[in-house]
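Report on one structure; see the data block that follows.
The values are calculated or read from the model by the stated rules, or taken from the named source; none is laboratory data. Keep in mind that this is a model prediction, so the values were computed, not measured. Virtual Cβ from ideal backbone geometry, glycine too; neighbours counted across all protein chains shown. Just so you know, the surface numbers come from the protein's heavy atoms only, side chains and all, with ligands and any DNA or RNA stripped out. Shrake-Rupley method; radii C 1.70, N 1.55, O 1.52, S 1.80 Å.
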Amino acid sequence: MATKKATSTIPQEKLDLYKKLIETNPKIELKGATVPYTSYNGHMFSYFEKDGSFGLRLPEKEREEFLKKYKTTLFISYGIVKKEFVLVPDKLLMNLKELKPYFDISFEYVKSLKAK
């Protein structure tokens, strides 16, 4: 009996954009079958929630600027506020050129954290 492969509930358009964003940095790899994410040294720094919302981990200064600039909120996952993650608006996800610097900052930030 064949086992059913786990698939994501995230819209394909969003997954495609996420893959393009990840491809901008050869050191980053996409992980997760149902909940796509990126991590470094055991620290997750970007991921999709099953409802299609996208979170990005940022250091405090950039996080505060991001929240104001994009009029967004901290990311909520399974009812828990992720204090270091921001909710990336769909409009920004569709603008990879504008989103990429934040993605890069996020990656650099987790690289500075002690490995888990």
query = Would you pick out the residues in the range 68-80 that are open to solvent by 20 Å² or more (accessible area, probe 1.4 Å) and either within 15 Å of the chain's Cα centre (by Cα) or on the phi > 0 side of the Ramachandran plot (or both)?
reply = 71, 72, 73, 74, 76, 78, 79
note = Only one of (1) of a type in the set (A, V, I, L, M, F, W, C); (2) modelled with pLDDT of 95 or more; (3) surrounded by fewer than 17 Cβ atoms within 10 Å (Cβ to Cβ) does not apply to residue 92, and that is (3)
remark   = For strands (runs of 3 or more DSSP E) lying entirely in the range 23-116, having 1 or more residues that are aliphatic (A, V, I, L, M) and within 22 Å of residue 12 (Cα to Cα) picks out 43-48, 54-57, 74-77, 80-88
Residues located in the range 1-60, provided they are among the acidic types (Asp, Glu) and surrounded by fewer than 17 Cβ atoms within 10 Å (Cβ to Cβ) = 13, 16, 23, 29, 51, 60
note = Here the qualifying pairs (Cβ atoms under 6 Å; residues six or more apart or on different chains; first in the range 84-95 and over 10 Å from residue 58 (Cβ atoms); second modelled with pLDDT of 95 or more and in a helix (DSSP H, G or I)) come out as 92/99; 93/17
ask   = Do any residues in the range 40-65 that are under 21 Å from residue 114 (Cβ atoms) have Cβ atoms under 6 Å from those of residues that are open to solvent by 70 Å² or more (accessible area, probe 1.4 Å), where the two are at least six apart or on different chains, and which pairs are they?
value = 40/111; 42/116
request  = Can you run down the residue pairs with Cβ atoms below 8 Å, 6 or more apart or on separate chains, where the first is in the range 20-39 and among the basic types (Lys, Arg) and at pLDDT 95 or above and the partner is open to solvent by 60 Å² or more (accessible area, probe 1.4 Å) and assigned to a strand (DSSP E or B)?
outcome  = 31/37
